[in-house]
Amino acid sequence: MKGTSMSHFSPVSTLYSMLRHPHVGREQLVAFQNERLRRLVEHAYRNVAYYREIFDRHRLKPHDIKTVQDLAAVPITSRSDMQGLPVEEVVARHVKPQCLITRASSGSTGRPFIVRRTWMEERLHGAFALRALRSLGLRASDKLCYVMGLRSHQRQDHQIVQRMLATFGIARQMVVNALQSPEEIVRALHRFRPAVVSGYPGVLARIAQTISSEELRSLRLRFVNTGGEVLTPLMRQQIQDGFSVPVCDTYGSIEFHLLAWECRATGEYHSCDDGLITEVLRDGIPVAEGERGEIVGTDLLSFAMPLIRYQLGDVVTKGSQACPCGQPFSTIRSIQGRMIDYFVLPGNRVVHPYELGVIRVPWIREFQVTQEGLDSIVMRVVPFHRPSTQEMAALVQPVVELVGPDVQFRVELVSEIPMDANGKFRVYRSRIRSAYDGFEWPDHRDVGRKNTG
Ligand SMILES: [Zn+2]
């Protein structure tokens, strides 16, 4: 375990375990978690300055953390603890930061954060997400289409395995730009003929409401997968009615990739327990089943930039220790995570706020973007330092190019961004229309309310 940066576990054995885990008992899954956790903690202590420092400060040694229960001794890391630290302090030594794939996130907090993973770690996280889609009904020969923003390609993130598999007709995937009009998106879907479409619930609900059901039915999808933001019961209904197929929700974040996926038998979400340890805490204490708390995660697949007891900022309702369907995964009953509005602009154009690209700006400590009117978007920013004219222009210009000259984009520098009156914080909000205004999750959803198949 010492020194070498890549060989903390073999990717092959990880994939093998991953495929077996849905069929093993709970104890075996927990044993796997404990074993991975010990390796992760040992590695982080030896190789990552940030964790070495907090362990030393709390007089902890790696051997104090043997099981998931022992994790409680490790201090929780919030976004602001890691945000702004030099890269060298949060990635393992021996790892060259420039070789890592970067992903930027603001989660539900409005605090930008950059996550870094190796190529292999990216693929492993992706494999866990694919396992979830498979359990929801995706077959190896199916075409899968993501309706999402077009990510700028990173040289480190080459897709060689993906291309090889696609040559053999396995795991064929494509991305359709979510920024297009619903008509254009549906035309692209008709060209590609996927079996499964995956995308933001807001975007898919909009398509379902705009395009005739007949045209959507002729796509002959098997199911629609939603993710990336909160799926309200109304959105679920709209997508289900429009596409005439079941809707299966997955819960992910930039930091951890897949956190949980919907159980087709119970409607709860299976936590991805072999990919990460999920704690649901209120004031640092684990909540009981059926209670709400904040997600704190420990990634068992990320060794280049470990995340141990990282506070994600999403609020969820804790479910059972192991899913009543018989799979060994613990469950999340419901997710009150990211309520992200897309912005409807003049000319009925739509911009999903993730496309604004504002989270990769290094001088931003915290932000909130609000569409105040059809032609006006305001971004409130708590900066690390007062930005120079060039820094400000680098933030504003791409947004202005994206939204066009008929929309005014204004940045306000503030010292604090207040929460909503109900204590929630919404990073991206539209005052024109929102699927989330006045929406409250019931504490308990009707378990067994649906059984899609
Ligand atoms: Zn289940």
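The values are calculated or read from the model by the stated rules, or taken from the named source; none is laboratory data. These numbers come from a predicted model, not from an experiment. In this analysis, Cβ positions are derived from the backbone assuming ideal geometry, glycine residues included, and neighbour counts consider all displayed protein chains.
A few points about this structure:
- Selection count where residues are crowded, with 20+ Cβ neighbours inside 10 Å and closer than 14 Å to Tyr310 by Cα, scope region 78-104: 2
- Test: residue in region 112-127 that is more than 22 Å from Phe32 (Cα to Cα), surrounded by 15 or more Cβ atoms within 10 Å (Cβ to Cβ) and of a type in the set (D, E, K, R): yes
- Elements of type helices (runs of 4 or more DSSP H) contained in region 78-175, each with 2 or more residues being β-branched (Val, Ile, Thr): 87-90, 160-167
- Taking the criterion of being part of a loop (DSSP other than H, G, I, E, B), over 24 Å from Val427 (Cα atoms), away from the ligand (no atom under 16 Å from the Cβ) and modelled with pLDDT of 95 or more, the residues of region 289-324 that qualify are Leu300, Leu301, Ser302, Phe303, Ala304, Met305, Pro306, Ile308.
- Residue satisfying condition, being within 14 Å of Tyr310 (Cα to Cα) and either in a helix (DSSP H, G or I) or touching a His at 6+ places or on another chain (Cβ under 7 Å) (or both), within set Pro22, Pro75: Pro75
- For region 262-276, filtering for residues that are within 7 Å of the ligand (Cβ to nearest atom) and either of a type in the set (S, T, N, Q) or surrounded by fewer than 21 Cβ atoms within 10 Å (Cβ to Cβ) (or both) leaves 2.
- Search result, residues across region 325-341 that are away from the ligand (no atom under 11 Å from the Cβ) and assigned to a loop (DSSP other than H, G, I, E, B): Gly337, Arg338, Met339, Ile340, Asp341
- Enumeration of residues in region 380-428 that are part of a strand (DSSP E or B) and within 19 Å of Leu179 (Cβ to Cβ): Phe409, Tyr428
- Residue in region 228-248 that is farthest from the ligand (Cβ to nearest atom), counting only those that are outside any helix (DSSP H, G or I), surrounded by fewer than 22 Cβ atoms within 10 Å (Cβ to Cβ) and of a type outside the set (Val, Ile, Thr): Ser244
- Candidate set: region 179-217, residues that are assigned to a loop (DSSP other than H, G, I, E, B) and without any contact (Cβ under 8 Å) to a residue 24 or more places away in the chain; chosen: the one surrounded by the fewest Cβ atoms within 10 Å (Cβ to Cβ): Ser212
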